[in-house]
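Derivation of every value follows stated rules applied to the coordinates shown; laboratory data play no part. Quantities reported herein were computed from a predicted structural model and do not represent experimental measurements. Ideal geometry is used to build each Cβ from the backbone, glycine not excepted, and the neighbour counts take in all protein chains shown.
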Amino acid sequence: LLDVASVLVIVAGCLSFFMAWDGIFSVCREWRCMFGLYIGGLIVVLILEVATVVTCVIFTMRVEDHLYNATYQGIVNQFEGHIVTDNSFSKAFDGAQVE
């Protein structure tokens, strides 16, 4: 999902650049057709930006859920509760609590 969001941002940025030039030409030449194309392009860019925000929110929620579940399962299955242990998860979890 993060790759999709990155591509959407790049495409929206490129479209914004070209749409700015289209807007300049349509205003200077007073071309109604080009101005309509400019407005349509702005709507497309807006839709791409909204899709990017939605994708990022979904990705953030999925990462938070995955981290929570992985940490919870690690505590239940691997945490020993002893300070001196050979279990790397227990050492990391104890170190995180101390920090």
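Would you mind getting me the FRET efficiency between residue 50 and residue 85? Use the beta-carbon distance for r and R0 = 35 Å, nearest 0.05. Efficiency computed from Cβ-Cβ geometry: 0.10.
Helix hunt in the chain: which complete DSSP H runs extend at least 20 Å axially by C-alpha with mean Kyte-Doolittle at least 0.0?
Within the chain the helices that satisfy the rule are 2-29, 32-78.
Under a Cβ-Cβ cut-off of 13 Å, what is the net charge of the residues other than residue 5 that fall near it, where Lys and Arg count +1 and Asp and Glu count -1?
Around residue 5, the surrounding residues sum to -1.
Roughly what % of Cα-Cα distances in the chain sit above 20 Å, to the whole percent? The share of Cα pairs beyond 20 Å in the chain comes to 61 percent. In the chain, helical runs assigned H by DSSP with n ≥ 4 each contribute -39500 (n - 2.57); averaged across all residues and rounded to the nearest 500, the mean residue ellipticity at 222 nm is -31000 deg cm²/dmol. At full extension, residue 33 and residue 72 could sit 8.2 nm farther apart than now, given 0.36 nm per residue minus the alpha carbon distance.
Mind telling me which of 81, 13, 41 comes out most flexible in a GNM of the chain, alpha-carbon contacts under 10 Å? Ranking 81, 13, 41 by mean-square fluctuation puts 81 first.
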